[in-house]
1. Do you know which residues across region 132-162 are out of contact with any Leu (no Cβ under 9 Å at 6 or more places or on another chain), within 30 Å of S120 (Cα to Cα) and among the acidic types (D, E)?
2. Would you say G45 is surrounded by 14 or more Cβ atoms within 10 Å (Cβ to Cβ), small (G, A, S), outside the structural domain of L125 (by TED's automatic domain parsing) and under 17 Å from the mean Cα position of the chain (by Cα)?
3. Kindly state which strands (runs of 3 or more DSSP E) lie completely within region 50-162 and contain at least 2 residues that are touching a residue at least 60 places away in the same chain (Cβ under 8 Å) and surrounded by 14 or more Cβ atoms within 10 Å (Cβ to Cβ).
4. Checking L18 against (1) modelled with pLDDT of 75 or more; (2) surrounded by 12 or more Cβ atoms within 10 Å (Cβ to Cβ); (3) of a type in the set (A, V, I, L, M, F, W, C), which test does it fail?
5. What number goes with the only condition from (1) at pLDDT 75 or above; (2) in a helix (DSSP H, G or I) that I42 does not pass?
6. Test of understanding: among S98, S130, which residue is of a type in the set (G, A, S) and at pLDDT below 85?
Amino acid sequence: MAAKKEKVKKTRKKRRGLKAFLSILIILGAAGTAFWFGWIQIQLGEGEYGVIYTKNGGYDSEPVKNGEFVWRWEGLIPTFMELHIFSLETRSVELSGSGSLPSGDFYAAILGDSVDFDWSIDSRLTYRMSPEALPVLLQEGRLGTELESFYTEYEALTAQRM
């Protein structure tokens with residue numbers, strides 16, 4: 001009978017160690033999973049920026065940049081947080097304009113047809129949106145989930161002002 005009690009004690013000791021190991025393994029697995037789903041920066045590619053929108057806080061005032069560590073607890077709850085990802089590239093547009101100087105026709109009539117008061121300008125505008133402007137534009141509703149329509153509108157407005 002004593003030998004049987006010793007055998008039971010040894011197996012209980014082995015099981016305690018196994019239970020502690022499994023408990024630690026489960027805790028580490030849960031912590032790793034929470035870390036992975038809350039890690040925002042992992043979802044961004046090279047040259048991409050993100051703006052976080054949460055249901056309780058709205059848009060964040062700072063964009064998420066690739067290469068900076070950002071962890072948010074809102075990422076753990078499905079559909080509670082959205083990450084709007086934007087790829088900001090340098091763009092260029094050709095602008096041209098022409099016309100005649102004010103009162104140019106009057107002075108041409110006086111000086112003769114050899115004098116020309118017309119003007120023409122051709123330029124190339126190269127620009128890139130600032131990442132810090134993304135949250136502001138999203139909050140104001142001036143920027144959708146796609147940048148192309150914003151760029152087209154900006155280029156048309158710039159050409160009109162030219």
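1. E148, E153
2. Working: surrounded by 14 or more Cβ atoms within 10 Å (Cβ to Cβ): no; small (G, A, S): yes; outside the structural domain of L125 (by TED's automatic domain parsing): yes; under 17 Å from the mean Cα position of the chain (by Cα): yes.
No.
3. Details: elements: 81-87, 91-100, 118-127.
Fully inside region 50-162 and qualifying: 81-87, 91-100.
4. The one condition L18 does not meet is (2).
5. (1)
6. Values: S130 fails: at pLDDT below 85.
Going through S98, S130 in turn, just one is of a type in the set (G, A, S) and at pLDDT below 85: S98.
The values are calculated or read from the model by the stated rules, or taken from the named source; none is laboratory data. From a predicted model like this one, the values you see are computed outputs, not experimental measurements. Heads up, the Cβs are rebuilt from the backbone with ideal geometry, glycines too, and the neighbour counts pull from every protein chain shown.
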